[in-house]
Structure formats: C-alpha cells, structure tokens
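As structure tokens, the structure follows; a few thoughts come after it.
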Amino acid sequence: MAKIQTPQPVRGTQDIFGEEQERFSHVVETFERVRRLYGFKGVEMPVFEPTAVFARSLGETTDVVSKEMYSFEDRGGDSLTLRPEFTAGICRAFLSNGWQQHVPLKLSAHGPLFRYERPQKGRYRQFHQLDAEIIGAGEAAADVELLCFADQLLKELGIDDGVTLQLNTLGDAESREAWRSALVEHFSDHQAELSDDSKTRLEKNPLRILDSKAPNDRAIVATAPTIDPYLTSEAAEFFAQVTEGLDSCAVAWSRDSSLVRGFDYYRHTAFEFVTDRLGAQGTVLGGGRFDGLMEALGGQATPAVGWAAGIERLGMLLDQPATVGPDAVFIPLGDGCEAAAMKLMAELRRAGVSCEMAYKGNMKKRMQKANAAGATHAVIIGENELANGVAAVKNLASGDQREIVLGGLVEALTA
C-alpha cells in the first residue's frame, strides 16, 4: 500500500501556534481595549465580496486589483473576491445597510485578508490586519483622532520606540489633478530611464511611481515636484489643522512629501508609521483620508478616513511575551481523587480560576509538568486529603505548602 503523503500548507499561509499565537492575541486584545477608549464600534463583514466592490474602490490600475486579488466565479456565475483589504467592504456595508443615519460612525475590525503576493518575512498570502475607520466626518479633527488612536495603540503595545509617523497631504481633487499633471510632465521627460513598471504607471496612475523601489526610479522620484505648490488654500488649511492637532496632542510626526497611498480613493491626509526593525517591509500601520470612495461605490459623497495595520508585523515587534500559565494545576493521587479533582476544577473555573490537570506520571513528573506550564499553584489531592476534605496547595514560586479545606480553594487561589 502506497504511503499517504502528509499534506502541506498552501504557500503563503501559516499555522499560528505557541509564542506566535500569544503575540497575535496580545495585539488583538490591546487593539480591542484601545478602540473602546476612542468609542470605535466593532464590525464584522464577509470575507468575500462581489469583485466589483474592490475593482471600483481600489482602482483598476493598482497592483492589488491587476495582480494580487483572489477572484473566482461561484456556482451561480457571480464573480467574487476574497477581501484584499477592509475599507472597501466596510464602505459597502455602510451603503447597503443604510448606516448613513449613524454618521459620524467610528468602526473597527480585524481578521484575515488575502493577496497573491510573493511571501517574505512579515508578508503572507493570507494575512491579518487591524482596521479603524471614521465615516461621515470631513473635519481635520477626525484625522487627528484616528492618528492619536494609532499612536496610543503602538505605545500600549510597547513597540513605539524606533517607529516614526510619516505624514503627507494629497490635497483635494483640484490640488491632486494639478500635481498629477506636473508629475506626468516630469516623468515623461525621464521616460526612457524609468523601470518598465513605472512606464506603465505613467500611462495609468503616475502618482504610483513615487512608490517605486526600483533603483533607477528613485533618483528621478527625488527630483519630482512635491504637491505643496499645487495645493488649494482650502487643502493647505486642512493639512495645517491636522499637523497642529497632532502637535497639540503630543503625537510626533515628520513630513514625507513623496508619500502616497497605493489606492486611488485617497485624498488629503496620507500617513504611515514606519520602522527599520522589519527589514524592507518597514510600514507597520498606514492609511489616510478617502473622501471619494463612497461615490465610486455608487453612494452619496461621504467623507471618511481610516488606517490598517498588519497583526503579524506588529507581533514581530513585540518583546517576548511572558508565559501566562494557569492559576492551578491539580494533581490527583489515588482512587476517586481524579473525579473529585474534576468536580473542584469545574467549580473553580466557574469562579474565574484557570485550572489544568496533570493526569499521568509519578508525583515528581506531575510537579515538573505544573512548573513547565507556568502554574501559580499545584493542588494535590490524595486519598487522605480527600477523606479529610482538604487539598495540599503548594505555591510554586515560594515553595510554601499548606492544607486548605476544599470549600476554601476559590478564596485561597484568588487571594
């Protein structure tokens, strides 16, 4: 009989376990706690949407739409796409559910996303992100609040050291169009020297050339015109309000006049929190204002601003998480002791005390398991203890051991 080959994971996916899972959970738990401080409501959406939701919103010329989306035709003949990002799906949900009545609406989400990219450190084909959006607020104060949220999240995760907020403005529609024309003229003058990708972008979306990492493009980008001379007075005032708001909230930032976001729907504020601690993949959180997206999806003009952050990347920046063990490991020794231990563990768990049981081995091996699990206490129940209605409770840090009546275990283990 032929040996059955062990199945392997799909390239670009991961099985998260052990320390990596602890890091992952810590990032999500911190995000959930901080988003409540800022009044953001959680939202859950489908992991797939009609393909048009992403094609219209992200822009046909973006790499995500043209190269990276997982799209498929379902049995009904409809074209569906696994979500490559959160924003478009959140906006679809906003429009299809009539959430306009709730604006300004602050929403947060986290979960898996899917892009067909070249797997590398911190980048996967199924990856996970945190997402925060403020919909229906056109004021610069919304941008400031969202950036304060991001800044506090990084600080509470303890990973803000060496992470810098880089900020730019993409202006309003008039500013952006004028800047776009100037960029087309500049890059056209150097077209022969551009990379093949940038030559294609020159025809479709010249702002994306500013994102190019190709060495021969970087020198041309360095001399490209910035947006500042093309900003309308309204756009310049908006950006000034954002920077002044950040200064008043003590959020450090630096200007990057070549910073653009990868999707077509961004306007005004664009930002990235970057670090050199992850090699080439330096952005840990990024976003901006996307006032034109609702219209692209067929809705009424609705201002919005948001950001997203990779959970895996944030987890990689964390210090090694402390092992969190159970409050108690039970060690039953003798007839009837295991059943009694199970009953006591059920009562303790209902009272909020975390418990495990060391089922097998001699006393020494079971105590080793309790220590290896990072437990605070070992609860030993032998036949004599059971007959006397007590348990021997050992503090594994100090080594102290005392007898506790079974009815007093909750108090003893939570003191």
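The values are calculated or read from the model by the stated rules, or taken from the named source; none is laboratory data. This one's a predicted model, so the numbers in the text were calculated from it and none came from an experiment. Quick reminder, even Gly has a Cβ in these numbers, built from the backbone with ideal geometry, and neighbours come from all protein chains shown.
Answer yes if at least one residue in segment 259-270 is hydroxyl-bearing (Ser, Thr, Tyr) and assigned to a strand (DSSP E or B), and no otherwise. Yes; the residues of segment 259-270 include at least one that is hydroxyl-bearing (Ser, Thr, Tyr) and assigned to a strand (DSSP E or B). Scanning segment 282-323 for residues that are of a type in the set (Ser, Thr, Tyr) and crowded, with 21+ Cβ neighbours inside 10 Å returns a single hit, Thr302.
In segment 358-415, which strands (runs of 3 or more DSSP E) lie fully inside it and hold 2 or more residues that are assigned by TED's automatic domain parsing to the domain that holds Met345 and buried (at least 17 other Cβ atoms within 10 Å of the Cβ)?
Values: elements: 377-382, 390-395, 401-405.
Correct list: 377-382, 390-395.
Could you list, in sequence order, the residues of segment 166-201 that are under 32 Å from the mean Cα position of the chain (by Cα), surrounded by 18 or more Cβ atoms within 10 Å (Cβ to Cβ) and within 15 Å of Arg218 (Cα to Cα)? Across segment 166-201, the qualifying residues are Ser198, Arg201. Going through (1) modelled with pLDDT of 95 or more; (2) in contact with a strand residue (DSSP E or B) (Cβ under 8 Å, 6 or more places away or on another chain) one by one, Asn97 falls short only on (2).
For Asp196, the criteria (1) outside the structural domain of Asp161 (by TED's automatic domain parsing); (2) in contact (Cβ under 8 Å) with a residue 12 or more places away in the chain hold in every case but one, which is (2). Remark: pairs (first residue in segment 78-107, more than 16 Å from Ala296 (Cα to Cα); second residue part of a loop (DSSP other than H, G, I, E, B) and not hydrophobic (A, V, I, L, M, F, W, C); Cβ separation under 6 Å; 6+ apart in sequence or on different chains) = Leu80/Asp74; Leu82/Tyr70; Pro84/Arg115; Val103/Gly136; Pro104/Gly136; Leu105/Gly136; Lys106/Gly39. Checking Pro303, Pro326 one by one, the residue that is under 30 Å from Ser398 (Cβ atoms) and in contact (Cβ under 8 Å) with a residue 24 or more places away in the chain is Pro326 and no other.
So which of Arg349, Arg366, Arg277 ends up being at pLDDT below 90 and not aliphatic (A, V, I, L, M)? First the steps, then the outcome.
Details: Arg349 fails: at pLDDT below 90; Arg366 fails: at pLDDT below 90.
Testing whether each residue is at pLDDT below 90 and not aliphatic (A, V, I, L, M) leaves just Arg277.
Within segment 111-136, the set of residues being out of contact with any helix residue (DSSP H, G or I) (no Cβ under 6 Å at 6 or more places or on another chain), under 16 Å from Ile16 (Cβ atoms) and part of a loop (DSSP other than H, G, I, E, B) comprises Pro119, Lys121, Tyr124, Arg125. Pairing each residue of segment 393-415 that is under 12 Å from Glu347 (Cα atoms) with any residue that is assigned to a strand (DSSP E or B) and among the small types (Gly, Ala, Ser), provided the two are 6+ apart or on different chains, yields C-beta distances under 9 Å for Leu406/Ala391; Leu409/Ala328; Leu409/Ala391.
One residue stands out among those in segment 142-174 that are modelled with pLDDT of 95 or more and among the acidic types (Asp, Glu): the one that is nearest to Val251 (Cα to Cα), which is Asp151. Evaluating Ala372 against the criteria (1) in contact with a helix residue (DSSP H, G or I) (Cβ under 6 Å, 6 or more places away or on another chain); (2) within 27 Å of Phe17 (Cα to Cα); (3) free of Cβ contacts under 8 Å to residues at least 40 places away in the same chain leaves one unmet condition, (1). Of all residue pairs spaced 6 or more apart or on separate chains, those with beta-carbon atoms under 7 Å, a first member in segment 127-141 that is among the polar types (S, T, N, Q) and a second member that is surrounded by 21 or more Cβ atoms within 10 Å (Cβ to Cβ) and in a loop (DSSP other than H, G, I, E, B) are Gln129/Phe86. Here is the figure for segment 333-352: residues that are under 40 Å from the mean Cα position of the chain (by Cα) and either closer than 18 Å to Gln401 by Cβ or surrounded by 19 or more Cβ atoms within 10 Å (Cβ to Cβ) (or both) total 3.
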